[in-house]
Every structure is written in structure tokens, then in C-alpha cells.
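J.: I have a structure I would like to understand better, so I am pasting it below and will then ask my questions one at a time.
Where a number appears in this text, it was derived from the coordinates with a stated rule and is not lab data. Nothing here was measured: the structure is a model prediction, and the numbers come from that model. Neighbour counts run over all protein chains shown; Cβ positions are idealised from the backbone, glycine included.
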Amino acid sequence: MARSKKEDSAIDNQDLADAQAALMAKAESSVAAPKSKRTTVIFHNQDGEAGSIDIFTSVNGKAYQIKREVEVELPEEVLGVIDNAIITKFSKGPKGEDVSRDVKRYPYTKV
């Protein structure tokens, strides 16, 4: 008995879906995330309204909420993102001129 074109199409689509699922499973199993080096740090409180609240950051879709004044162990890539968080503070110089300086938004100490 011969199959119709509609039945052939349905079988081809199912075969394609099965092949795609197999490829995805193979790719997920072969790409294990390597453990990154971790560093222990303490984030310090700062002046201002937001100076004592938790620090929130995200790296490659993974979110981190970091407490201040507590030892925490973080991957190096998280510290890299935090090191790039710089703010510019302005003050008056001795002759009244504006002086700017860049400071870390989230200062910390390595333990």
C-alpha cells in the first residue's frame, strides 16, 4: 500500500525533529562548563544611600547578589565585571578648578 504525500511529509518532519533533538543532546553533554578559579573577597560598605545594600551583577546570564562586609567566594569573571564598574567623582582643586577622579564603584579586599 502506498503512502500519501502528507504521510511522507509527516514522517520526514518527525525524522528531522528526532535528528535535531539528538544533536542538541550531544552538544549539551559535550559542552560542560569548566570550573573557573574562585577568589575570596569582602565588599565594603560605602557612603550614601546605596552604600550598604547588596551588590547585584550578572555574567553571561547568571546573576549574583553579593552581601557586603561578609567573606564571599566569587569566580574571576564576576570580579572582572565588578572591576570594570567605575564611577567618576568630582571635587574642587586648591585653585577652585574642577578635579575628577575615577574610583571603583564596589571596593573590595581580597582575603
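J.: With each label point set 7 Å from Cα along the Cα-Cβ vector, what nm distance links Lys67 and Leu16?
T.: 5.3
J.: Between Met24 and Ile86, what length in nm is gained on full extension when 0.36 nm per residue of separation is reduced by their alpha carbon distance?
T.: Numbers: separation 62, 0.36 × 62 = 22.32 nm, distance 3.97 nm.
Once the chain is fully extended between Met24 and Ile86, it gains 18.4 nm.
J.: What's the ranking of 100-106, 53-59, 87-93 by average number of surrounding C-beta atoms within 10 Å, highest first? Mind dumping the intermediate values first?
T.: Details: 100-106: 11.6, 53-59: 13.4, 87-93: 8.7.
The peptides rank, most packed first, as 53-59, 100-106, 87-93.
J.: Please go through the residue pairs Lys37/Lys110; Lys67/Lys110; Lys67/Lys89 and name each one whose alpha carbons sit more than 21 Å apart in this structure.
T.: Lys67/Lys89
J.: So between Lys35 and Ser52, what do we pick up on full extension, going 0.36 nm a residue minus the alpha carbon distance?
T.: Working: separation 17, 0.36 × 17 = 6.12 nm, distance 3.03 nm.
Length gained between Lys35 and Ser52: 3.1 nm.
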